[in-house]
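Here the structure is laid out as structure tokens; the discussion comes afterwards.
The values are calculated or read from the model by the stated rules, or taken from the named source; none is laboratory data. These numbers were taken from a predicted model, which means no experiment stands behind them. With ideal geometry, Cβ positions are generated from the backbone for all residues, glycine too; neighbour counts draw on all protein chains shown.
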Amino acid sequence: MLEILVVIAILGLLIGLVAPAALRQLSGARVSVAKQAIERLGTTLDLYKLDTGSYPTTDQGLQALLIQPTGLEVWNGPYVQGGKPPLDPWNHPFVYRAPATRPAHDYDLCSAGPNNVSGEPGADGMICNP
């Protein structure tokens, strides 16, 4: 009986030490996936600009990559698959603004990150296009 209690205590200690490290790795992986998704969407937005002459406006949003905005004669979309704008790894919509609110950027494309902060590009916790 005492041996079983010792084994259970050791297993409990191992789980207590390993679980936090595994959760940190998962969080880091989601941040990495968000950065990669923003890069891919940035490339898609560049293709859109090549076809139409400008990035979608804030009002058009990422929906312009799926459905042709009114008034555009040249549009070779849809530019993304799935029928709806992509979500970040935390299942929140990406924040898109054009023109950008950050200096030296044509547009802002951000994920609210794990904390789902206010949604302002450049705010703490936001993961944005470089």
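Numbers below:
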quantity	calculated
Extreme residue, farthest from Ala98 (Cα to Cα), among residues of segment 1-49 that are small (Gly, Ala, Ser) and modelled with pLDDT of 85 or more	Ser32
Residue within segment 31-50 that is in a loop (DSSP other than H, G, I, E, B), among the β-branched types (Val, Ile, Thr), farther than 20 Å from Asp106 by Cα and under 21 Å from the mean Cα position of the chain (by Cα) present	no
Filter result (in contact with a strand residue (DSSP E or B) (Cβ under 9 Å, 6 or more places away or on another chain) and of a type in the set (D, E, K, R)) within segment 33-78	Lys35
Exclusive hit being in a loop (DSSP other than H, G, I, E, B), out of contact with any Cys (no Cβ under 7 Å at 6 or more places or on another chain), touching a residue at least 24 places away in the same chain (Cβ under 8 Å) and not hydroxyl-bearing (Ser, Thr, Tyr), set Gly71, Gly82, Gly77	Gly77
Residues of segment 77-109 satisfying the condition of being under 22 Å from Asp51 (Cα atoms) and of a type in the set (Ser, Thr, Tyr)	Tyr79, Tyr96, Tyr107
